[in-house]
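One structure is given below, represented as C-alpha coordinates, and several questions about it will come after.
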Amino acid sequence: MGKTGYFTHRDCWRHEMGQGHPECPARLDAIEDRLLVTGVGDALERGEVPLATLPQITRAHSVAHMEHLEALSQRLVEDEPAGGPDHAQIDPDTSMNRFTVLAARRAAGAAIAATDAVIGGQLENAFCAVRPPGHHACRDKAMGFCFYNNVAIAARHALEHHGLERVAVVDFDVHHGNGTEDILSNDPRVLMVGIFQHPFYPYSGTDHPAPNMLNVPVPAYTKGMDVRELIEACWMPRLEEFKPQMVFVSAGFDAHRDDDLGQLKLNENDYGWITSRIVDVARRHAQGRIVSMLEGGYNLDALARSVEEHLRVLADL
(Lines give C-alpha, C1' and ligand atoms only; values in the text may rest on other atoms or scores of the structure.)
Protein backbone atom coordinates (compact mmCIF):
# COMPACT_ATOMS: atom_id res chain seq x y z
CA MET A 1 0.00 0.00 0.00
CA GLY A 2 0.99 3.62 -0.33
CA LYS A 3 1.97 3.30 -3.98
CA THR A 4 0.59 5.53 -6.72
CA GLY A 5 -0.01 3.98 -10.12
CA TYR A 6 0.37 5.71 -13.48
CA PHE A 7 -1.51 4.27 -16.45
CA THR A 8 -1.06 5.36 -20.05
CA HIS A 9 -0.64 3.71 -23.46
CA ARG A 10 0.80 4.78 -26.81
CA ASP A 11 -2.55 4.07 -28.50
CA CYS A 12 -3.85 7.18 -26.71
CA TRP A 13 -1.48 9.27 -28.85
CA ARG A 14 -2.91 7.87 -32.11
CA HIS A 15 -6.31 9.53 -31.79
CA GLU A 16 -6.38 13.07 -33.16
CA MET A 17 -9.10 15.41 -34.38
CA GLY A 18 -7.24 17.53 -36.92
CA GLN A 19 -4.50 20.12 -36.99
CA GLY A 20 -4.87 22.86 -34.37
CA HIS A 21 -7.42 21.01 -32.25
CA PRO A 22 -6.79 21.70 -28.54
CA GLU A 23 -7.47 18.08 -27.49
CA CYS A 24 -4.28 16.79 -29.09
CA PRO A 25 -1.59 14.14 -28.51
CA ALA A 26 0.82 16.87 -27.36
CA ARG A 27 -1.15 17.02 -24.09
CA LEU A 28 0.23 13.64 -23.10
CA ASP A 29 3.72 14.60 -24.27
CA ALA A 30 3.63 17.65 -22.01
CA ILE A 31 2.66 15.53 -19.00
CA GLU A 32 5.31 12.89 -19.70
CA ASP A 33 8.02 15.55 -20.17
CA ARG A 34 7.10 17.27 -16.90
CA LEU A 35 7.14 14.04 -14.92
CA LEU A 36 10.55 13.19 -16.38
CA VAL A 37 12.14 16.59 -15.76
CA THR A 38 10.82 16.90 -12.20
CA GLY A 39 11.54 13.29 -11.25
CA VAL A 40 7.94 12.75 -10.15
CA GLY A 41 7.61 9.96 -12.70
CA ASP A 42 10.28 7.96 -10.84
CA ALA A 43 7.98 7.69 -7.81
CA LEU A 44 5.10 6.15 -9.77
CA GLU A 45 4.28 2.54 -10.56
CA ARG A 46 3.54 2.20 -14.27
CA GLY A 47 0.70 -0.20 -15.01
CA GLU A 48 -0.25 -2.29 -18.02
CA VAL A 49 -3.25 -1.01 -19.99
CA PRO A 50 -5.55 -3.54 -21.67
CA LEU A 51 -8.38 -2.83 -24.10
CA ALA A 52 -11.72 -2.47 -22.34
CA THR A 53 -14.10 -5.24 -23.31
CA LEU A 54 -17.67 -5.02 -24.57
CA PRO A 55 -19.19 -6.13 -21.22
CA GLN A 56 -17.09 -3.55 -19.35
CA ILE A 57 -18.05 -0.67 -21.66
CA THR A 58 -21.74 -1.59 -21.76
CA ARG A 59 -22.02 -1.16 -18.01
CA ALA A 60 -22.12 2.54 -18.91
CA HIS A 61 -23.05 2.67 -22.62
CA SER A 62 -25.60 1.06 -24.89
CA VAL A 63 -24.54 -1.58 -27.39
CA ALA A 64 -25.97 0.68 -30.10
CA HIS A 65 -23.54 3.45 -29.09
CA MET A 66 -20.57 1.10 -29.34
CA GLU A 67 -21.75 -0.29 -32.66
CA HIS A 68 -22.21 3.22 -34.08
CA LEU A 69 -18.63 4.23 -33.22
CA GLU A 70 -17.24 0.94 -34.51
CA ALA A 71 -19.13 1.38 -37.81
CA LEU A 72 -17.78 4.92 -38.28
CA SER A 73 -14.27 3.67 -37.56
CA GLN A 74 -14.61 0.77 -39.99
CA ARG A 75 -15.83 3.12 -42.72
CA LEU A 76 -12.76 5.33 -42.27
CA VAL A 77 -10.50 2.28 -42.57
CA GLU A 78 -12.29 0.96 -45.66
CA ASP A 79 -12.38 4.33 -47.45
CA GLU A 80 -8.74 5.23 -46.79
CA PRO A 81 -7.23 3.34 -49.80
CA ALA A 82 -9.59 5.20 -52.13
CA GLY A 83 -8.60 8.59 -50.72
CA GLY A 84 -11.51 8.84 -48.30
CA PRO A 85 -11.72 11.32 -45.44
CA ASP A 86 -9.31 11.20 -42.50
CA HIS A 87 -12.01 12.06 -39.97
CA ALA A 88 -15.69 11.39 -39.21
CA GLN A 89 -17.44 14.34 -37.62
CA ILE A 90 -19.40 13.70 -34.40
CA ASP A 91 -20.29 17.30 -33.52
CA PRO A 92 -18.81 20.70 -34.47
CA ASP A 93 -15.93 20.23 -31.99
CA THR A 94 -15.52 16.45 -32.01
CA SER A 95 -14.31 14.09 -34.71
CA MET A 96 -12.69 10.69 -34.91
CA ASN A 97 -9.94 9.16 -36.99
CA ARG A 98 -9.42 5.47 -37.63
CA PHE A 99 -7.55 5.08 -34.32
CA THR A 100 -10.10 6.84 -32.10
CA VAL A 101 -12.08 3.78 -31.04
CA LEU A 102 -8.82 1.96 -30.25
CA ALA A 103 -7.64 4.90 -28.13
CA ALA A 104 -11.02 5.17 -26.39
CA ARG A 105 -10.99 1.46 -25.55
CA ARG A 106 -7.46 1.86 -24.15
CA ALA A 107 -8.53 4.86 -22.06
CA ALA A 108 -11.43 2.87 -20.61
CA GLY A 109 -9.09 -0.10 -20.19
CA ALA A 110 -6.74 2.07 -18.14
CA ALA A 111 -9.64 3.00 -15.87
CA ILE A 112 -10.51 -0.69 -15.43
CA ALA A 113 -6.90 -1.78 -14.81
CA ALA A 114 -6.31 1.03 -12.31
CA THR A 115 -9.52 0.14 -10.48
CA ASP A 116 -8.53 -3.52 -10.29
CA ALA A 117 -5.04 -2.68 -8.97
CA VAL A 118 -6.33 -0.27 -6.34
CA ILE A 119 -9.12 -2.54 -5.10
CA GLY A 120 -6.71 -5.49 -5.20
CA GLY A 121 -4.34 -3.63 -2.89
CA GLN A 122 -1.38 -3.45 -5.27
CA LEU A 123 -1.76 0.34 -5.31
CA GLU A 124 -3.24 2.87 -2.92
CA ASN A 125 -4.32 5.19 -5.74
CA ALA A 126 -3.73 5.76 -9.45
CA PHE A 127 -3.80 8.38 -12.19
CA CYS A 128 -4.65 7.57 -15.81
CA ALA A 129 -2.98 9.86 -18.35
CA VAL A 130 -5.26 8.95 -21.22
CA ARG A 131 -7.15 10.44 -24.09
CA PRO A 132 -9.74 10.84 -25.45
CA PRO A 133 -11.31 12.18 -22.26
CA GLY A 134 -14.68 10.85 -21.17
CA HIS A 135 -16.94 12.89 -18.92
CA HIS A 136 -19.14 14.35 -21.70
CA ALA A 137 -19.83 10.92 -23.24
CA CYS A 138 -23.45 10.01 -22.47
CA ARG A 139 -24.94 6.55 -22.43
CA ASP A 140 -25.97 6.79 -26.10
CA LYS A 141 -23.93 9.70 -27.47
CA ALA A 142 -20.35 10.87 -28.03
CA MET A 143 -19.82 14.61 -27.65
CA GLY A 144 -17.46 17.29 -26.33
CA PHE A 145 -14.19 15.50 -27.30
CA CYS A 146 -15.45 12.33 -25.50
CA PHE A 147 -16.43 8.89 -26.83
CA TYR A 148 -16.54 6.47 -23.88
CA ASN A 149 -17.07 7.67 -20.32
CA ASN A 150 -13.98 6.36 -18.58
CA VAL A 151 -14.91 7.37 -15.05
CA ALA A 152 -18.46 6.01 -15.29
CA ILE A 153 -17.17 2.73 -16.71
CA ALA A 154 -14.68 2.46 -13.83
CA ALA A 155 -17.28 3.34 -11.19
CA ARG A 156 -19.70 0.73 -12.48
CA HIS A 157 -16.85 -1.83 -12.66
CA ALA A 158 -16.08 -1.23 -8.98
CA LEU A 159 -19.73 -1.65 -8.06
CA GLU A 160 -20.75 -4.55 -10.27
CA HIS A 161 -17.54 -6.55 -10.71
CA HIS A 162 -15.93 -5.94 -7.32
CA GLY A 163 -19.13 -5.62 -5.30
CA LEU A 164 -18.50 -2.25 -3.66
CA GLU A 165 -21.62 -0.66 -2.23
CA ARG A 166 -20.77 3.07 -2.39
CA VAL A 167 -18.45 5.02 -4.70
CA ALA A 168 -17.99 8.74 -5.16
CA VAL A 169 -17.19 10.59 -8.39
CA VAL A 170 -15.47 13.97 -8.04
CA ASP A 171 -15.35 16.20 -11.13
CA PHE A 172 -13.37 19.46 -11.12
CA ASP A 173 -13.17 20.05 -14.88
CA VAL A 174 -14.19 23.56 -16.01
CA HIS A 175 -17.11 21.95 -17.87
CA HIS A 176 -19.99 20.07 -16.27
CA GLY A 177 -19.63 16.29 -16.56
CA ASN A 178 -22.98 15.88 -18.24
CA GLY A 179 -22.21 12.42 -19.59
CA THR A 180 -21.26 11.06 -16.19
CA GLU A 181 -24.45 12.55 -14.75
CA ASP A 182 -26.48 11.03 -17.60
CA ILE A 183 -25.10 7.55 -16.88
CA LEU A 184 -24.98 7.59 -13.07
CA SER A 185 -27.97 9.76 -12.21
CA ASN A 186 -30.37 8.20 -9.67
CA ASP A 187 -27.97 5.35 -8.86
CA PRO A 188 -28.02 5.40 -5.03
CA ARG A 189 -24.68 3.57 -4.92
CA VAL A 190 -22.98 6.65 -6.40
CA LEU A 191 -22.51 10.20 -5.14
CA MET A 192 -21.22 12.60 -7.79
CA VAL A 193 -19.92 16.03 -6.76
CA GLY A 194 -18.80 18.60 -9.30
CA ILE A 195 -17.83 22.22 -9.65
CA PHE A 196 -17.88 23.92 -13.05
CA GLN A 197 -18.20 27.23 -14.86
CA HIS A 198 -21.79 28.21 -15.68
CA PRO A 199 -23.28 29.26 -18.02
CA PHE A 200 -20.82 27.39 -20.22
CA TYR A 201 -20.62 24.31 -22.42
CA PRO A 202 -22.46 21.91 -22.21
CA TYR A 203 -25.04 24.24 -20.57
CA SER A 204 -26.25 21.58 -18.15
CA GLY A 205 -26.09 20.59 -14.51
CA THR A 206 -28.42 23.19 -13.02
CA ASP A 207 -31.94 21.95 -13.84
CA HIS A 208 -33.23 19.63 -11.14
CA PRO A 209 -30.31 17.22 -10.74
CA ALA A 210 -31.01 13.81 -9.21
CA PRO A 211 -30.58 13.37 -5.45
CA ASN A 212 -27.18 11.66 -5.91
CA MET A 213 -25.79 14.61 -7.90
CA LEU A 214 -24.25 17.61 -6.12
CA ASN A 215 -23.47 20.22 -8.76
CA VAL A 216 -21.81 23.51 -7.81
CA PRO A 217 -21.98 25.96 -10.76
CA VAL A 218 -19.79 29.06 -10.51
CA PRO A 219 -19.60 32.14 -12.74
CA ALA A 220 -16.73 33.00 -15.05
CA TYR A 221 -13.65 34.54 -13.37
CA THR A 222 -14.24 32.77 -10.05
CA LYS A 223 -10.90 32.56 -8.22
CA GLY A 224 -9.25 29.60 -6.59
CA MET A 225 -9.90 30.65 -2.99
CA ASP A 226 -13.62 31.00 -3.72
CA VAL A 227 -13.65 27.53 -5.29
CA ARG A 228 -11.90 26.14 -2.19
CA GLU A 229 -14.54 27.68 0.09
CA LEU A 230 -17.37 26.21 -1.97
CA ILE A 231 -15.79 22.76 -1.99
CA GLU A 232 -15.33 22.90 1.77
CA ALA A 233 -18.90 24.07 2.36
CA CYS A 234 -20.72 21.95 -0.25
CA TRP A 235 -18.75 18.86 -1.23
CA MET A 236 -17.12 17.87 2.01
CA PRO A 237 -20.24 17.41 4.20
CA ARG A 238 -21.93 15.27 1.53
CA LEU A 239 -18.82 13.13 0.99
CA GLU A 240 -18.40 12.65 4.74
CA GLU A 241 -22.05 11.64 5.09
CA PHE A 242 -21.88 9.26 2.11
CA LYS A 243 -18.67 7.49 3.28
CA PRO A 244 -17.55 6.23 -0.15
CA GLN A 245 -15.62 2.97 -0.31
CA MET A 246 -13.70 4.31 -3.32
CA VAL A 247 -13.31 7.69 -5.01
CA PHE A 248 -13.11 8.28 -8.75
CA VAL A 249 -11.90 11.62 -10.09
CA SER A 250 -12.63 13.35 -13.39
CA ALA A 251 -9.45 15.41 -13.29
CA GLY A 252 -9.88 18.25 -15.75
CA PHE A 253 -7.30 21.02 -15.46
CA ASP A 254 -8.95 23.51 -17.85
CA ALA A 255 -10.18 25.73 -14.99
CA HIS A 256 -6.56 26.92 -14.76
CA ARG A 257 -6.20 30.67 -15.18
CA ASP A 258 -3.81 30.14 -18.14
CA ASP A 259 -6.25 27.90 -20.06
CA ASP A 260 -8.08 29.75 -22.82
CA LEU A 261 -10.89 27.21 -23.11
CA GLY A 262 -12.36 28.33 -19.79
CA GLN A 263 -12.59 31.52 -17.75
CA LEU A 264 -12.00 30.30 -14.20
CA LYS A 265 -8.94 31.39 -12.23
CA LEU A 266 -7.47 28.31 -10.56
CA ASN A 267 -3.77 27.54 -10.46
CA GLU A 268 -1.77 24.39 -9.78
CA ASN A 269 -1.73 25.08 -6.02
CA ASP A 270 -5.53 25.01 -6.05
CA TYR A 271 -5.46 21.63 -7.77
CA GLY A 272 -3.06 20.39 -5.12
CA TRP A 273 -5.44 21.57 -2.39
CA ILE A 274 -8.47 19.95 -4.07
CA THR A 275 -6.52 16.71 -4.42
CA SER A 276 -5.55 16.83 -0.74
CA ARG A 277 -9.21 17.11 0.29
CA ILE A 278 -10.09 14.13 -1.92
CA VAL A 279 -7.23 12.16 -0.35
CA ASP A 280 -8.50 13.07 3.13
CA VAL A 281 -11.94 11.64 2.36
CA ALA A 282 -10.50 8.52 0.73
CA ARG A 283 -8.18 7.78 3.66
CA ARG A 284 -10.98 8.19 6.20
CA HIS A 285 -13.57 6.10 4.44
CA ALA A 286 -12.08 4.23 1.46
CA GLN A 287 -8.70 2.85 2.57
CA GLY A 288 -7.15 5.63 0.47
CA ARG A 289 -8.57 4.17 -2.74
CA ILE A 290 -8.65 6.73 -5.57
CA VAL A 291 -8.59 6.36 -9.35
CA SER A 292 -8.17 9.66 -11.19
CA MET A 293 -8.79 10.06 -14.92
CA LEU A 294 -7.45 12.89 -17.08
CA GLU A 295 -10.22 14.99 -18.60
CA GLY A 296 -9.60 18.54 -19.88
CA GLY A 297 -6.60 20.85 -19.76
CA TYR A 298 -5.42 22.50 -22.97
CA ASN A 299 -2.68 24.97 -22.10
CA LEU A 300 0.18 22.49 -22.27
CA ASP A 301 2.42 24.09 -19.66
CA ALA A 302 -0.42 24.71 -17.19
CA LEU A 303 -1.70 21.17 -17.75
CA ALA A 304 1.71 19.64 -17.08
CA ARG A 305 2.29 21.68 -13.91
CA SER A 306 -1.19 20.89 -12.63
CA VAL A 307 -0.88 17.15 -13.23
CA GLU A 308 2.49 17.22 -11.50
CA GLU A 309 0.91 18.84 -8.43
CA HIS A 310 -2.03 16.40 -8.52
CA LEU A 311 0.38 13.47 -8.58
CA ARG A 312 2.64 14.90 -5.86
CA VAL A 313 -0.34 14.93 -3.51
CA LEU A 314 -1.58 11.47 -4.55
CA ALA A 315 1.91 10.01 -4.08
CA ASP A 316 2.61 12.04 -0.91
CA LEU A 317 5.82 13.50 -2.37
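Please list, or write none, the lysines whose alpha carbon is within less than 20 Å of the alpha carbon of Lys265, excluding same-chain residues fewer than 8 places away.
Within reach: Lys223.
If one computes the Cα centroid of region 195-238 and of region 1-80, what distance in Å separates the two points?
So the separation of the two Cα centres works out to 27 Å.
Using a ≥ b ≥ c from the Cα gyration tensor of region 90-226 (square roots of the eigenvalues), is it rounded, prolate or oblate, where a/c under 1.5 gives rounded and otherwise the larger of a/b and b/c decides, a/b for prolate?
Oblate, since a/c reaches 1.5 and b/c is not below a/b.
Karplus couplings for region 91-96 from phi (6.51 cos²θ - 1.76 cosθ + 1.60, θ = phi - 60°), rounded to Hz, Gly and Pro as x?
After applying 6.51 cos²θ - 1.76 cosθ + 1.60, I find 8, x, 10, 10, 9, 10 Hz.
Which residues make up the longest stretch of the chain that has no chymotrypsin sites (Phe, Trp or Tyr not before Pro) in a DSSP loop with at most 14 other Cβ atoms within 10 Å?
1-202
Only one of the values (i) 50, 48, 42; (ii) 57, 44, 41; (iii) 77, 62, 31 was calculated from this structure for Cα extents along the principal axes in Å; name its label.
Given (i) 50, 48, 42; (ii) 57, 44, 41; (iii) 77, 62, 31, the structure-derived one carries the label (ii).
What number comes out for accessible area per residue over the chain if the probe is 1.4 Å? Units Å², please.
Values: 12260 Å² over 317 residues.
Ligands and nucleic acids excluded, the figure is 39 Å² per residue.
Across the chain, where is the longest run that never hits GluC sites (Glu not before Pro) in a DSSP loop with at most 15 other C-beta atoms within 10 Å?
Details: sites that count: Glu48, Glu165.
The segment 166-317 is the longest one with no such site.
I've got another one for you. Under 5 Å between amide H atoms, partner at least 5 residues away or on a different chain: which partners does Glu45 have, H built in plane at 1.01 Å?
Thr4, Gly5, Tyr6
How large is ³J(HN,Hα) for each residue in region 180-188, as worked out from phi by the Karplus curve 6.51 cos²θ - 1.76 cosθ + 1.60 (θ = phi - 60°), to whole Hz, x for Gly and Pro?
4, 5, 4, 7, 9, 4, 6, 8, x
Please report, as a whole percent, how much of the solvent-accessible surface of the chain comes from carbon and sulfur atoms (probe radius 1.4 Å).
It is 49 percent, rounded to a whole number.
Counting only complete DSSP H runs, which helices of the chain cover 27 Å or more along their long axis at the Cα atoms and score a mean Kyte-Doolittle of -0.5 or above?
The qualifying helices are 100-119.
On to the next question. Can you give the net charge of the other residues whose Cβ lies under 13 Å from the Cβ of Val247, counting K and R as +1 and D and E as -1?
Cβ neighbours under 13 Å give a net charge of +3.
The values are calculated or read from the model by the stated rules, or taken from the named source; none is laboratory data. Being a predicted model, the structure only gives us computed values, none of them experimental. Cβ atoms come from the backbone with ideal geometry, glycine included; neighbour counts cover every protein chain shown. Accessible surface is based on the protein model in full, side chains and every heavy atom, while ligands, DNA and RNA are left aside. Shrake-Rupley method; radii C 1.70, N 1.55, O 1.52, S 1.80 Å.
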